[in-house]
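Take a look at the structure below.
The values are calculated or read from the model by the stated rules, or taken from the named source; none is laboratory data. Treat the numbers as computed from the prediction; the structure is a model and nothing was measured. FYI the Cβ positions are ideal-geometry reconstructions off the backbone, even for glycines, and counts take in every protein chain you see.
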Amino acid sequence: MDKLLIEGGRPLSGEVAISGAKNAALPLLCAALLTKEPLTLTNVPALNDIGTMLRLLEQMGVKVEKVGAGGTAAAGSAASTDTVVLDASGLDNPVAPYELVKTMRASVLVLGPLVARAGEAKVSLPGGCAIGARPVDQHIKGLTAMGAEVSVEHGYVHAKALGEKGRLKGARLFTDMVTVTGTENLMMAACLADGETVIENAAREPEVVDLANCLVAMGAQISGAGTDVIRIRGVERLHGATHRIMPDRIETGTYLCAAAAAGGQIRLTRTSSAYLDAVIDKLMDAGCDIGIERDAITLKAPARPTAVSIRTSPYPAFPTDMQAQFMALNTVADGTAVIRETIFENRFMHAVELIRLGADIKIDGNTAFVTGKPKLDGATVMATDLRASASLVIAGLVAQGETLIERIYHLDRGYENLEQKLAALGAKVSRVK
């Protein structure tokens, strides 16, 4: 199993390009199930989760052509890519087996499109990061309200549309909690439903808007994406389209945090500050000098960052996916920060590993108290989930000596070419087999 070796204590300097957003790409890949015509997606990141989703779609009968800088690559691989063409005209197996679903929670996003297009679906309950309960009950509740018969048996969700000609019916849906994948799943299902669907308490994340923009390009009738009420008027069919995936705001925030903690000055290209207000505000509070360009962001770090307290909440508030990175930043900041995690109940597992590097962190339920130290010391640590992995990388960049991060397969699920990008910024990072 691969490990990451970091020699810390080096400031970051230089320029790197940000990849397409993983959390936007995964539902967009599933949107291909809604049409018999080809869907072309560009700015697709080369990540393990993308490869897993492509294998999942292929076994359903979707033809996948993955084109990168070096030409066509194997569809299920995570080789460098930019453009993926998906043709679901041969969809013949609306099943998502456990073997492919167990490593990736986002695989539940095939449920809505399959029921809408094929009239039925059999999807294994998903896996992914071990950061607490992330139930699919809101997905099931919504599909049931739209006229589907849904049951959970032997670890699989079975859903079948009972409407005329196997179509779902428009309905008024209210989710008990703000759920991004739930909003995306129900929005995709509603595109082919008979009548109008209204999703209340909908997620407002930019990735939801990106999906809606693609669906509209495919012929869907959607309004309100980006607000907490989304209206979808179902159509008989969707057609093919070409869509460019938005830049990854979490990858952008991660590199900004890395530079803020390690020191130096960096420029990130092919990205936007439009989705990062809460993160950029906190980095400025930490003493960073931020420059905003049309498709780039620059950061100049202070001599030592100032501790910043955060509270995670659904977009547009501070994102839970940036909590671990800011905890790492606060371990070397001047002062004490209070971090409150309100989204997931088990998302402080990285704190124990940061303590191994010398961090001063105390946990009380869903609250962490982080008192910054002038320096951390390198050690061997273990990644527990995707964003926890990123926090350990940031801490490793700051720590004196060598830090060895184990179980970095989590990183490969969400960060494209991490070592190469960090090396371009002057970090000394290598992958150890």
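One residue alone among V180, V152 is of a type in the set (V, I, T) and surrounded by fewer than 17 Cβ atoms within 10 Å (Cβ to Cβ), and that residue is V152.
Cβ separations smaller than 7 Å between residues 6+ apart or across chains give the following pairs from segment 268-292 residues that are in contact (Cβ under 8 Å) with a residue 12 or more places away in the chain and among the acidic types (D, E) to residues that are part of a loop (DSSP other than H, G, I, E, B) and crowded, with 17+ Cβ neighbours inside 10 Å: D285/V308.
When we screen D377, D360, D412 for residues that are in contact with an Asp or Glu (Cβ under 9 Å, 6 or more places away or on another chain), among the acidic types (D, E) and touching a residue at least 24 places away in the same chain (Cβ under 8 Å), the only hit is D412.
A quick yes/no check of all residues on (1) over 16 Å from the mean Cα position of the chain (by Cα); (2) part of a helix (DSSP H, G or I); (3) among the polar types (S, T, N, Q); (4) closer than 21 Å to N23 by Cα:
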site: I230; (1), (2), (3), (4): yes, no, no, yes
site: R237; (1), (2), (3), (4): yes, no, no, no
site: T242; (1), (2), (3), (4): yes, no, yes, yes
site: E251; (1), (2), (3), (4): no, yes, no, yes
site: L256; (1), (2), (3), (4): yes, yes, no, yes
site: A261; (1), (2), (3), (4): yes, yes, no, no
site: Q265; (1), (2), (3), (4): yes, no, yes, no
site: L268; (1), (2), (3), (4): yes, no, no, yes
site: S273; (1), (2), (3), (4): yes, no, yes, yes
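The residue list T306, T252 contains one member that is within 23 Å of V429 (Cβ to Cβ) and surrounded by 15 or more Cβ atoms within 10 Å (Cβ to Cβ), which is T252. Examine segment 323-330 for a residue that is buried (at least 18 other Cβ atoms within 10 Å of the Cβ), assigned to a helix (DSSP H, G or I) and in contact with a Cys (Cβ under 6 Å, 6 or more places away or on another chain), and state whether such a residue exists. Yes: one or more hits. In segment 67-123, the qualifying residues are those that are of a type in the set (K, R) and buried (at least 19 other Cβ atoms within 10 Å of the Cβ), and the one that is modelled with the highest pLDDT is R117. If you go through segment 247-287 and keep only what is farther than 20 Å from S13 by Cα, among the hydrophobic types (A, V, I, L, M, F, W, C) and touching a Gly at 6+ places or on another chain (Cβ under 7 Å), you end up with L276, V279.
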